[in-house]
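Only one structure is covered here, and it is reproduced in the block below.
Coordinate-derived values only; no laboratory data. Every value quoted in this text rests on a predicted model; they were computed, and no experiment measured them. Here the Cβ is made from the backbone with ideal geometry for all residues, glycine too, and neighbour counts use every protein chain on show.
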Amino acid sequence: ELQAFIFDLDGVITDTAEYHFLAWKQLGEELGIKIDREFNERLKGVSRLESLNRILALNNRETNFSLEEKEFLATKKNEHYKELIQQVTPNDLLPGIHSLLANIKSNHYKIGLASASKNAPAVIEKLQIGNFFDTIVDAATVKRSKPDPEVFLKAAEQMNVTAEACIGIEDAEAGIESIKAAGMFAVAVGTNEALRKKADMTVERTNQLKLNELIKSFQ
Ligand code: B16
Ligand code: MG
């Protein structure tokens, strides 16, 4: 029986990917590495340090830096990112998300957040939707990033529900893999063919996420 919905943040609730992109792009420029929006797609759902490694790998430089230097660079990117997300307002919620959250809540299902971002609580606060969430997984406590199921399993555990009673919603391939590996029903948002194949249900855009249809396809 369905008991909870677990959301990804970036790409499902709001589009912070653009801010991550701008912050990585600037760091890349300082290192002489050019990053475009297409490459940025490959950073979605990927942790901060792993993102940096993928960027350095563009110029075969991932082994040129010590872990300490990489942490310094990642922190620099994050300081810039934190500045950028100050601009986030409730207007930045993706279409249909506010009413979906309200609808889920009034039907007494639980709601969790399974984001890889350590900045997720700050973004949720800026969007003014903290009241909808029964739990937000602290990304700093997650050892294995998506596609590992850890973050989704943690969200379920923190809400006292079993994985089989959860619907997970994601926009990234690694995220859908994570939901499936957790043993949950996976809903994908997007048009990517690989994403559709791995998910149990797909919508192209967030405003097509309707509670009654999600419940129906879960059953
Ligand atoms: P931070 P999600 C992910 O969020 C982003 O998609 C990814 O681009 C980012 O690197 C990651 O969070 C870590 O974020 O540097 O803020 O800790 O899609 O899992 O909500
Ligand atoms: Mg995402």
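Taken together, Gly168, Gly190 contain a single residue that is under 21 Å from Asp148 (Cβ atoms), in contact with a strand residue (DSSP E or B) (Cβ under 7 Å, 6 or more places away or on another chain) and within 16 Å of ligand 1 (Cβ to nearest atom), which is Gly168. When Asp15, Asp10, Asp92 are screened for being within 16 Å of ligand 2 (Cβ to nearest atom), more than 22 Å from Glu173 (Cβ to Cβ) and of a type in the set (Asp, Glu), only Asp92 passes. Restricting attention to segment 149-172, the residues that are under 16 Å from the mean Cα position of the chain (by Cα), over 19 Å from Asp10 (Cβ atoms) and not in a helix (DSSP H, G or I) add up to 0. Only one of (1) buried (at least 20 other Cβ atoms within 10 Å of the Cβ); (2) closer than 20 Å to Tyr81 by Cβ; (3) touching a residue at least 60 places away in the same chain (Cβ under 8 Å) is not met by Ala156, so which one is it? It fails just one condition, (2). Where residues in segment 32-53 are surrounded by 16 or more Cβ atoms within 10 Å (Cβ to Cβ) and among the hydrophobic types (A, V, I, L, M, F, W, C), which of them is farthest from ligand 1 (Cβ to nearest atom)? Once the filter is applied, the top-ranked residue is Ile33. Against the numbered list (1) more than 30 Å from Phe185 (Cβ to Cβ); (2) assigned to a helix (DSSP H, G or I), Arg61 comes up short only at (2).
Need pairs with beta-carbon distance below 8 Å; first residue within 22 Å of Met184 (Cα to Cα) and within segment 1-28, second of a type in the set (Asp, Glu) and crowded, with 20+ Cβ neighbours inside 10 Å; sequence gap 6+ or separate chains. That search, which allows pairs on different chains as well, returns Asp8/Glu170; Asp8/Asp171; Asp10/Asp171; Gly11/Glu170; Gly11/Asp171; Val12/Glu170; Val12/Asp171.
Within segment 124-153, being surrounded by fewer than 18 Cβ atoms within 10 Å (Cβ to Cβ) and of a type in the set (A, V, I, L, M) holds for one residue alone: Ala140. Of the candidates Lys210, Lys146, the single residue that is within 16 Å of the chain's Cα centre (by Cα) and of a type in the set (D, E, K, R) is Lys146.
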